[in-house]
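Have a look at the structure below before the remarks.
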Amino acid sequence: MSHAAERRADYLLGHAALEQRRLLVQASYVRSWTERLLRRAGLTEGMSVLDIGSGLGDVAFIAAEIVGPGGRVVGVERDPDAVEVARGRAASGGHTDIVTFTNADLTEFDPMCPGLAGDGPVVSDGPRRPFDALVGRFVLQYLPDPVAALRRLAGFVRPGGIVVMHDMDVSSRDVSSPPCPLWNDCYALLADLFRAHGIAPDFGRHLTRVFLDAGLLWPDVDSGTMTGGKPGSTVFTWLGSAVQAVEPLLRQAGIALPDGLVVDDELAATLERAVRDDRSMVLGNTHHGAWTRLDRSG
Ligand SMILES: C[S@@+](CC[C@H](N)C(=O)[O-])C[C@H]1O[C@@H](n2cnc3c(N)ncnc32)[C@H](O)[C@@H]1O
């Protein structure tokens, strides 16, 4: 494997087409929650925003709608295919005046150093701390040292600026009521996979501590859990697409699938039938948002 391919592969969930589909499904159900989080954190018109681990661009596009034409959003993403998709979506959504996507690794990204900032037009000159806000969704938990990364990236935010992180918790074992064994077993696969790769499945719950350890001020926090069960509910596509996207990784990690489970495009429908038969209410992932302002004295 080339050096570049090796580095891309070490994002746990990979970058295959199924993962891209999973990201889009996830983005659609969590969109309104993320938007509310960013607004509550203080994102507003005219701001400059750095979106880390921008994936297919969904958070950057929400930020772009908030900051408007007088603002600017830079998405940083390591996967070149995702960057290409994000740029295409920016063009078709009319966001190109506000949003740019840069193909770079967060551990090296430096807005002051175009070579390390990847290939996008980032910040050619300007202050050392060029952003009003740092945002990231479902990315901090995948970084090898989230505290060090947050400390470094917050260093690109001006004094008094905003840091907002949005991460998840898939550690619960009590995710259907009355219990739907197939739902519970499929859900548990996600936490098992995280653990197998040394990632805390309940990372989102640790955001306060991560912020404090990174030297930031005590954050405000908010949480939400996707909930459903009614036929047609998004929870089915969420879990179905997630298990389908990670199936090869589950096998590699030696994590056994529930007996008789067929993982294909029908999985969401299979889950829906099982939940309907058990007349259950089911939970999807719990997500946590944390936000704070940097000390005004810098
Ligand atoms: C779960 S996805 C979330 C994408 C997007 N933030 C969203 O919520 O739709 C995490 C993204 O972070 C990216 N990523 C992970 N580690 C990275 C790193 N070290 N540098 C840049 N991007 C990284 C992955 O490639 C992936 O696209």
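Annotations
- Debye equation applied to the C-alpha atoms of region 14-96, log10 I(q)/I(0) at 0.19, 0.27 Å⁻¹: -0.82, -1.43
- Among beta bridges that DSSP assigns inside the chain, antiparallel share in %, nearest 5: 45 percent
- Where labels lie 7 Å past Cα in the beta-carbon direction, separation of residue 277 and residue 151 in nm: 5.2 nm
- The chain: projected area of the alpha-carbon convex hull, averaged over directions, in nm²: 15.1 nm²
- This ranking places 45, 19 by how few other beta-carbon atoms lie within 10 Å of each, fewest first, which gives 45, 19.
- Relative contact order for region 173-298, counting Cα pairs under 8 Å that sit 6 or more residues apart, in percent: 43 percent
- Length added when fully stretched, residue 227-residue 173, from 0.36 nm per residue minus Cα-Cα: 18.0 nm
- Report note on the peptides 61-73, 172-184: ranked by the mean count of other C-beta atoms within 10 Å, highest first, their order is 61-73, 172-184.
- Placing pseudo-labels 7 Å out from each Cα toward the beta carbon at residue 17 and residue 31 gives an inter-label distance of 2.3 nm.
- At R0 = 51 Å, FRET efficiency that the Cβ-Cβ distance of residue 45 and residue 259 yields, to 0.05: 0.40
Since every read-out is calculated from the coordinates, none of them should be taken as a lab result. The structure presented is a predicted model; accordingly, all values stated were derived computationally and were not measured. Note: ideal-geometry Cβ built from the backbone for every residue, glycine included; neighbour counts use all protein chains shown.
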